[in-house]
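Undergrad: I'd like to ask you about the structure that follows.
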Amino acid sequence: MYITKGQLRGATVVILITTFLYFGRPFFHHFHPPHNIEKNAGSVVVELAGDTDYKGIYFLPPKPTVSDLFRIARVPDIRRFDEKYLAILLDTGRKVVINSGQVKIKEIDAAKRIVLDIPIDINSATTYDLTLIPGIGKKTAQAIVKLREEAGRIAGTDDLLKITGMGEKKLGKIKKYLYIRNIDP
């Protein structure tokens, strides 16, 4: 049997890549720690973003604080952050942003919320955000925003039945993608 130069080169490349992957695995694991713990019922879904090498979506145990997130994400030297920020309780859908040693708490954007099966606040969603929801097109999204602007805020998802073309069946399909944030007293 005759082996061509191309076959020999190809075999050499495969052997080199396999060797590199086998011996390089610990090296890459060190620089890319796991971003998530296993998602369990009751997990709190939080995003870490900003000036950090540990960006990503994390599934945290119930009632986590920013400090818990940083510990699980392996953010180095968390003592550099103000203790009042480290003690903040996180709930699903929050985004913790690190910028110049400061911590800010925001919301995960609508596209990520949809993918993660986290509802969108109907009273702050943009027309674009609403169009990300299966079953809501541009016209319906615009009608929802218009209804919200006219009413000041949407008090309950049943308010959407006031929109032309929104029936019980359609509302039933989109309800799981929406929530209404409570107004602080």
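The values are calculated or read from the model by the stated rules, or taken from the named source; none is laboratory data. What you see is a predicted model, and the numbers here were worked out from it, not measured in a lab. Here Cβ is always computed from backbone atoms with ideal geometry, including for glycine, and neighbour counts include all displayed protein chains.
Undergrad: Note down all Cβ pairs under 7 Å where the first residue falls in the range 37-54 and is modelled with pLDDT of 75 or more, the second is of a type in the set (Lys, Arg) and part of a strand (DSSP E or B), and they're at least six residues apart or on different chains.
TA: Filtered contacts from the range 37-54: Val46/Arg94; Glu47/Lys95; Ala49/Lys95.
Undergrad: Please name all residue pairs, on different chains or six or more residues apart, with Cβ atoms under 6 Å, provided the first residue is in the range 76-92 and is at pLDDT 90 or above and the second residue is of a type in the set (Gly, Ala, Ser).
TA: From residues that are at pLDDT 90 or above, the pairs are Leu86/Ser67.
Undergrad: Please identify the pairs in which a residue from the range 101-119 that is surrounded by 12 or more Cβ atoms within 10 Å (Cβ to Cβ) has its Cβ atom under 6 Å from the Cβ atom of a residue that is assigned to a helix (DSSP H, G or I) and among the charged types (D, E, K, R), counting only partners at least 6 apart or on another chain.
TA: From the range 101-119, the pairs are Ala110/Asp129.
Undergrad: What are the residues in the range 135-185 that are surrounded by 14 or more Cβ atoms within 10 Å (Cβ to Cβ), aliphatic (A, V, I, L, M) and either closer than 12 Å to Ala125 by Cα or in contact with an Asp or Glu (Cβ under 9 Å, 6 or more places away or on another chain) (or both), if any?
TA: Ala141, Ile144, Val145, Leu147, Ile154, Leu171, Leu178, Ile180, listed by residue number.
Undergrad: Right, next: Is there any pair with a first residue in the range 150-162 that is assigned to a loop (DSSP other than H, G, I, E, B) and a second that is exposed (fewer than 15 other Cβ atoms within 10 Å of the Cβ) whose Cβ atoms are under 9 Å apart and which are 6 or more apart or on different chains, and what are they?
TA: Arg153/Ile183
Undergrad: A further question on this structure: Starting from residues that are free of Cβ contacts under 8 Å to residues at least 24 places away in the same chain and of a type in the set (S, T, N, Q), keep the ones in the range 120-149 and report whichever is nearest to Gly50 (Cα to Cα).
TA: Here the residue is Thr126.
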